[in-house]
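These notes concern the structure reproduced below.
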Amino acid sequence: MQCLVFLGPPGVGKGTQAKIYAESQGLAHISTGDMLRNAVKSGSELGARVSKIIDAGQLVPDELMIELIDARIGEADCSSGYILDGFPRTIPQAQALANLIAKHGATIRAAVLFDLADHEIMARLTNRREQENRADDNEEVQRRRLEVYRTQTAPLIDYYQQENLLLRIPADGEISQVQELLTRELNS
Ligand code: AMP
C-alpha cells in the first residue's frame, strides 16, 4: 500500500491537485486542514483546542497531529492508498510519519513539492481571500502562514530530498496542466 505526501506553500493549489488526483486513482484524500476545520465546525473538544491556533495561522502541536493521522490512516478507505495533504508540516511530524507508515504496512512513494515563485504565492492568496472568505485567510494571517511554512515546513524539502523521495512539480500553470504533469510524473 502506498502513501503520497503533498507539500507546498499556502495558496499553491495542492489541495485542489490532491483532490483531483485522489479521485482519479481511487486513493483516499487526507487533508489535515479540512479535518481540523471540520472539528471546529462540529464543536468537538478537538475543535475547541485548535480553533485559535488555526485562526492565528500557527501550527497545531505535533503530538496532536500525529495522533490524528495515526487514527485516520488506519481507516478502511485508506486500504488502497492515500494522499496526505498538509501533513507532515514539521520535521518531527515527518519522522513520526515514517514510523506510522511502517506500522500500518505502507511505504511513502513520493513527497510531491508544488513549486511556485513568491510573487505568485502572494497573488494566489489574495485571490483566495477574496473568493473563499476563510477566517484564517486575512492578510496578516496569510503572511504568518507563509512565514510558518518557510521556517517549519520548508526544511522537509531537504529531508525528503535526502530520502530520495522528492518530486518537484512546477505549479504555475492551469489546474489541468499541473494535474497532467503530476499524473505523468507519478505514473512514469
Ligand atoms: P491547511 O488547510 O492545510 O492550510 O491547514 C489549515 C491550518 O490547519 C494550518 O494553518 C494549521 O493551523 C492547521 N494544520 C493543518 N495541518 C497541520 C499539520 N500537519 N500540523 C500542524 N497544524 C496543521
Positive-pole candidate from Gly57, Pro155, Leu165, dipole of the chain, charges at beta carbon: Gly57
Length added when fully stretched, Arg150-Asp34, from 0.36 nm per residue minus Cα-Cα: 39.6 nm
Span per principal axis, largest first, for the Cα atoms of region 94-181 (Å): 42, 28, 22
With every protein chain in place, the chain: carbon and sulfur % of accessible area (1.4 Å): 47 percent
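Among rounded, prolate and oblate, which fits region 34-167 when a ≥ b ≥ c are the square roots of the eigenvalues of its C-alpha gyration tensor, a/c under 1.5 means rounded, and a/b larger than b/c means prolate?
oblate
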Contour minus Cα-Cα distance for Ser44 and Leu165 (0.36 nm per residue): 40.0 nm
Label-point gap, in nm, between Ser176 and Arg128 - each point 7 angstrom along Cα→Cβ: 2.3 nm
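The values are calculated or read from the model by the stated rules, or taken from the named source; none is laboratory data. Note that the structure is a prediction, hence the values are computed from the model and not measured. For neighbour counting, all protein chains shown are included, and Cβ atoms are generated from backbone atoms with ideal geometry for every residue, glycine included. Protein only, heavy atoms only, side chains kept; ligands, DNA and RNA dropped before computing areas. Shrake-Rupley method; radii C 1.70, N 1.55, O 1.52, S 1.80 Å.
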